[in-house]
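Data block below; observations after.
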Amino acid sequence: MPIVTYILRDGERREIGVPAGTSVMEAAIRNNVRGIDAECGGCLSCATCHVYVDASSTAELPSPDESELELLEGVAAERRPESRLSCQLVMTPAMSGLVVQIVQKQG
């Protein structure tokens, strides 16, 4: 099972096994990871699942599509080059080792 490490707002790290086909957002909600609000439930309409992909991550990620890039324009926290919407990061075995940092403000 692929592993995702969530870096919480206080710096604590939580490693979670995430079944392939499950989004980073869904896994956070199911495992009570605080800071990913996911107000729209993952249907790519709110950007409250914004995370930063940590530079230490070696996971192979798909590029963001046009819709994700558009929503990232309006995120509440600072948008950075490593910004992604966790609802759009659907786990595959190649993504094991993904490290995401939860942003300080979602909405």
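Laid out as a table, the results:
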item	result
Gain in span if fully extended, residue 16 to residue 92, counting 0.36 nm per residue against the direct Cα distance	26.0 nm
Potential extension, residue 82-residue 8 segment - 0.36 nm per residue separation minus Cα distance	25.0 nm
Largest-first ellipsoid semi-axes for the range 35-107, taking √(5λ) over the Cα gyration tensor eigenvalues, angstrom	19, 13, 11
Projected label distance in nm at residue 31 and residue 105, using a 7 Å step from Cα toward the beta-carbon	2.8 nm
Counting DSSP beta bridges with both ends in the chain, the antiparallel % (nearest 5)	75 percent
Order by protection proxy (mean Cβ within 10 Å, highest first), peptides 92-100, 71-79	92-100, 71-79
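Every number here is computed from the coordinates shown, using simple stated rules; none is lab data. Just so it is clear, the structure is predicted and the values come from calculations on it, not from any experiment. Methodologically, a virtual Cβ is constructed for each residue, glycine included, from the backbone with ideal geometry; neighbour enumeration extends over all protein chains shown.
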